[in-house]
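Below is one structure, written out as structure tokens, with a few remarks after it.
The values are calculated or read from the model by the stated rules, or taken from the named source; none is laboratory data. In this text, all values refer to a predicted model and were calculated from it rather than measured experimentally. Note that we place each Cβ from the backbone using ideal geometry, even for glycine, and neighbour counts take in every protein chain shown.
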Amino acid sequence: MRILAILAILFLASPIRGATTEIEFDFEGLPRSFAVTIPDGLDAPAPMILALHGLLETGSTMRQRITAGRFDEIAREFGVVVVYPTAFTRVWNLGEGIGAQRIVPRRDDIAYLQRVIEMVQARIDIDPERIFSAGFSQGGIMSFALACKNPGLIRAVGSVAMALPEGLAEDCARHPPDGVVLIHGTEDWVVPIDGGSIASGPGASMALMGHDRSVDFFRLIKGCSGDAETRRFDALDDGTFADRQGWYTCDTGAVEGYRIDGMGHRWPSGDTLLPFSPPIDRTTFEIDGAAAIWGFFSRFQ
């Protein structure tokens, strides 16, 4: 613990470039942490991506296994700072609602994520107009909440295997991020692509819009006109194919949706969700999730 505290102090004094550094600190009376990858030769001000893990995962597993290290490769190739926060007890808490009230110990992870952003900004020249959030599963909910409850903080959101919760619709209608890209598999048995109800805490549930309705929600909110630009990715014999719809002529920003036939509750081109994930819960290698999301984020300069 003492060594990690020293590393946190060193990070605040002089960030380590060309490496991934694990930072621990106290927040709201709880020990919290995050990892940050800072590439060599960083041009300032730099874009930043928050990569938010799913339920029972950590920032480390999001970095190394779920996304198979691809965000770190993107960091080095494109000069992006990538931050991997970790939920306390590996469960994110929005800090509001019945489910949040029943999760112990009580904490507000939106406030924690805001603090993480502030800590990175305090020592690295981050472009405030290019802070993005990419989340997997429960991390997708946190990405939507962070963006829609904090107008102007998050420029664009990428959500994999998670649709927009009904409970965030009002916030996201009033304060949508400039861009949203959603990626979902048709064989997702954890978060069904057509939406419905999922657990949100002990004895509590949360209603989801579903993938298509979420895409339409943001397309209409953003004032996107005309037919979608479409593309199918089906170059490999992996039992999947990906259909992308994109709207780039909008009043503000852009919207993309990837519907991946045959994929389960997985990150495209990523490793297994958990060691006990069933073998039928397959991913796709037709697209790379991190590359698709960064390709969308890079539209916002």
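Structure above, values below:
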{"quantity": "Subset of the range 184-205 [over 28 Å from SER269 (Cβ atoms) and either assigned to a strand (DSSP E or B) or free of Cβ contacts under 8 Å to residues at least 60 places away in the same chain (or both)]", "calculated": "SER197, SER200, GLY201, ALA204, SER205"}
{"quantity": "Output for the range 119-132, where each listed residue is surrounded by fewer than 14 Cβ atoms within 10 Å (Cβ to Cβ) and either under 15 Å from SER33 (Cβ atoms) or of a type in the set (Ser, Thr, Tyr) (or both)", "calculated": "none"}
{"quantity": "Per-region count, the range 134-161, residues under 16 Å from GLY185 (Cβ atoms), part of a loop (DSSP other than H, G, I, E, B) and of a type in the set (S, T, N, Q)", "calculated": "1"}
{"quantity": "Near pairs, Cβ below 7 angstrom, 6+ apart or cross-chain, from the range 228-254 (on the phi > 0 side of the Ramachandran plot) to any residue that is at pLDDT 95 or above and surrounded by 12 or more Cβ atoms within 10 Å (Cβ to Cβ)", "calculated": "GLY239/GLY262; GLY253/ASP178; GLY253/GLY179; GLY253/LYS222"}
{"quantity": "Close pairs (9 angstrom Cβ cut-off, 6 or more residues apart or separate chains): farther than 18 Å from ALA46 by Cα and of a type in the set (Val, Ile, Thr) in the range 63-79, in a helix (DSSP H, G or I) and at pLDDT 95 or above anywhere", "calculated": "ILE66/GLY289; THR67/GLY289; THR67/ALA290"}
{"quantity": "Sole exception among (1) in contact with a strand residue (DSSP E or B) (Cβ under 6 Å, 6 or more places away or on another chain); (2) aliphatic (A, V, I, L, M); (3) modelled with pLDDT of 95 or more for ILE198, by number", "calculated": "(3)"}
{"quantity": "Single unsatisfied condition, THR89 versus (1) surrounded by 19 or more Cβ atoms within 10 Å (Cβ to Cβ); (2) under 28 Å from GLY29 (Cβ atoms)", "calculated": "(1)"}
{"quantity": "Criterion violated by LEU55 - all others in (1) under 18 Å from SER33 (Cβ atoms); (2) buried (at least 24 other Cβ atoms within 10 Å of the Cβ) satisfied", "calculated": "(2)"}
{"quantity": "Check on ARG76, in a helix (DSSP H, G or I) and either acidic (Asp, Glu) or within 23 Å of GLN301 (Cα to Cα) (or both)", "calculated": "yes"}
{"quantity": "Test: residue in the range 59-73 that is among the aromatic types (Phe, Trp, Tyr) and over 19 Å from VAL157 (Cβ atoms)", "calculated": "no"}
{"quantity": "Members of the range 232-252 found to be surrounded by 14 or more Cβ atoms within 10 Å (Cβ to Cβ) and part of a loop (DSSP other than H, G, I, E, B), listed by number", "calculated": "ASP238, THR240, TYR248, CYS250"}
{"quantity": "Residue list for the range 188-227, restricted to those being touching a Lys or Arg at 6+ places or on another chain (Cβ under 8 Å) and among the aliphatic types (A, V, I, L, M)", "calculated": "ILE193, ALA204"}
